[in-house]
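Undergrad: Before I ask anything, here is the structure I am working with.
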Amino acid sequence: MIMSTQVSKWKKKDIAIKDLSLWDENARFSDQYFGLSEEDLLKYFLSGKFQVLKLAGEMEKDVDLPQLEKIVVWHFGDRNVVLEGNRRIAAYKLLANPKLASGQESKFAKIKSKIGISEDFEVECLITEDLEQGYRFIERKHLNQNNEVSWGSNEIAHHKERRGKAGEKELIRVGITKVVNGLELANELKEAVLGPGYVTTFWRLTGQTPAQQFFGFSFDGDKKLKIKDADFDKKLKVIIWDVLKNGQYNGKLFSRLNNKEILDYLKSISDKDYNRASQEIKEAENNKQSDLFGKASMATNYNFRIRKTPVTKTANDLFGRTLALQSGKVNDLYRALADIDRKNQGNDAVLPFLGMALRLLVEVAARVHYENRKDGKNAKKDQVCEIFLKEAKKELKQHQKNDISLTNEWLSDQRNLGAVLDKYAHGQIICKRADILKDSFIVADILDFYFGKKD
């Protein structure tokens, strides 16, 4: 039974789109959009990456269907701020008033004429006056994927094939997947190559033009895949194993091969390779290792582990790398934060603390910096963090040589680090690990610049 106190935090109500406000702190926006007008937010939504016009077209086609998801609204004062569903509400607002769709007025007006949307059009909303409850809702959806397992490319292909709507590429995927599942291979190998992390590389080798031509793919009257090559099963086993080993052809990663190189690789597969792959797989099966929970996993002499996604060790660590800083307050605080992060990865409850701690680290660094320069005036100022970041940006611009550094987002004014850190400090921003990591990488570059040990 759900507690009445829990229920009371949420209300259901139909609200006119004119009475709904877009959320300027929507995670889809970079921080330079904080505090901007709704008109400015709509202009940003019209940029290609949001595909709002396409969404409006889907609304036209599916106007007779119930809404899949309700709009989630935070009510405070006299405002109804949309926490979840901003893209949909943006589409509704542009349909209601196509004049707001700068450069695309006629396209939105055409759709409007067919479905008759006005500013008085009402949508189903879930309303809360507790912002934290709103955060919980959107975090469940966007951080935890609503506790769902989304369809991958194979599932989509199978769905379309079963509905008779699959194209040639999707039919090939369905057919090859059936062959993979019929091979004498451990299920974990099959699942790994067909799952996230390896599937893109696998289909580059098996599902595109070179493979279609080499193996002789065609379709029967029932649109079932036919394969001319009598040794396809054996060659497929080699391909699977080579993909899982993150193999190469002529010193070049599979993911970087062009069509000619893919064809050359397929042509090169022989009985010798089949025997090699079979032997290596057998060795891997004989060398299964148990994890802490007693579950066996396959390993090989190539340090290969079956995994669902590729992992870059430092990419998920706070600061992105190990810093060698001068001894003192800054180094002590940096090491403490890095240690806390390592021990709590996977625990989202610690994210607000990490965000606030990043802001503290920068402030401590700022005061130590000015104290070291005998600049007691700046060291004692309340806005010392802002002063320090402004100075750091200027100096790093002059010395920055890493063109791919995330710090360049800050240096080129694409990210207002100071504003973001302040929001972390005051609990005014949704704490997402990806964003905290990005900010920590920038902080790492600043610390390394001012406090890194000199050779």
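Undergrad: In debye to the nearest 20, how big a dipole does region 4-147 give about its Cα centre with +1 on each Lys and Arg Cβ and -1 on each Asp and Glu Cβ?
TA: Dipole about the Cα centre, nearest 20: 480 debye.
Undergrad: Report the Cα-based extents of region 4-147 along its three principal axes, largest first, to the nearest Å.
TA: Principal-axis extents of region 4-147 (Cα, largest first): 48, 36, 32 Å.
Undergrad: What full-extension length gain, to one decimal in nm, is calculated for residue 54 and residue 316 as 0.36 nm per residue of separation minus the Cα-Cα distance?
TA: Residue separation times 0.36 nm, minus the Cα-Cα distance, leaves 90.9 nm.
Undergrad: What is the distance in Å between the Cα centres of region 60-79 and region 102-118?
TA: 19
Undergrad: Between residue 37 and residue 124, what length in nm is gained on full extension when 0.36 nm per residue of separation is reduced by their alpha carbon distance?
TA: Result for the pair: 28.9 nm of gain on full extension.
Undergrad: Give, as a single signed number, the net charge of other residues whose beta carbon lies under 15 Å from the beta carbon of residue 220, with Lys and Arg counted +1 and Asp and Glu -1.
TA: Summing Lys and Arg as +1 and Asp and Glu as -1 gives +2.
Undergrad: For region 38-45, take each phi angle, set θ = phi - 60°, evaluate the Karplus expression 6.51 cos²θ - 1.76 cosθ + 1.60, and give the result in whole Hz per residue in order, putting x for glycine and proline.
TA: 5, 4, 5, 5, 5, 4, 5, 5
Undergrad: Hey, another quick one. Which ³J(HN,Hα) values, rounded to whole Hz and listed in residue order, are derived for region 122-133 from phi using the Karplus coefficients 6.51, -1.76 and 1.60 in 6.51 cos²θ - 1.76 cosθ + 1.60 with θ = phi - 60°, glycine and proline given as x?
TA: My calculation for region 122-133 gives 9, 10, 6, 10, 9, 10, 9, 9, 9, 4, 4, 5 Hz in order.
Undergrad: If you take the square roots of the eigenvalues of the alpha-carbon gyration tensor of region 153-297 and sort them as a ≥ b ≥ c, do you get rounded (a/c under 1.5), prolate (a/b over b/c) or oblate?
TA: In terms of gyration-tensor shape, oblate.
Undergrad: For residue 80, list long-range residues whose amide hydrogen, built 1.01 Å from N in the peptide plane, is under 5 Å from its own amide hydrogen.
TA: 21
Undergrad: Once fully extended, how much extra length lies between residue 382 and residue 278, figured as 0.36 nm per residue of separation less the alpha-carbon to alpha-carbon distance?
TA: 30.7 nm
Undergrad: Can you work out the PRE-style zone for residue 453? Point 7 Å along Cα to Cβ, and I want the residues of region 348-379 with backbone N under 11 Å.
TA: none
Undergrad: Work out from phi, with θ = phi - 60° and the Karplus expression 6.51 cos²θ - 1.76 cosθ + 1.60, the ³J(HN,Hα) of each residue of region 347-353, listed in order in whole Hz, and give x for Gly and Pro.
TA: 9, 5, 5, 8, 4, x, 4
Undergrad: Continuing with the same structure: If you take the alpha carbon radius of gyration of region 202-272 and divide it by 2.2 N^0.38 Å, what ratio comes out, to two decimals?
TA: Normalised Cα radius of gyration, region 202-272: 1.12.
A short reminder: the numbers here are calculations on the coordinates, not readings from a lab. Remember, it's a predicted structure, so these values are computed and weren't measured experimentally. Glycine gets a Cβ as well: all are built from the backbone with ideal geometry, and neighbour counts include every protein chain shown.
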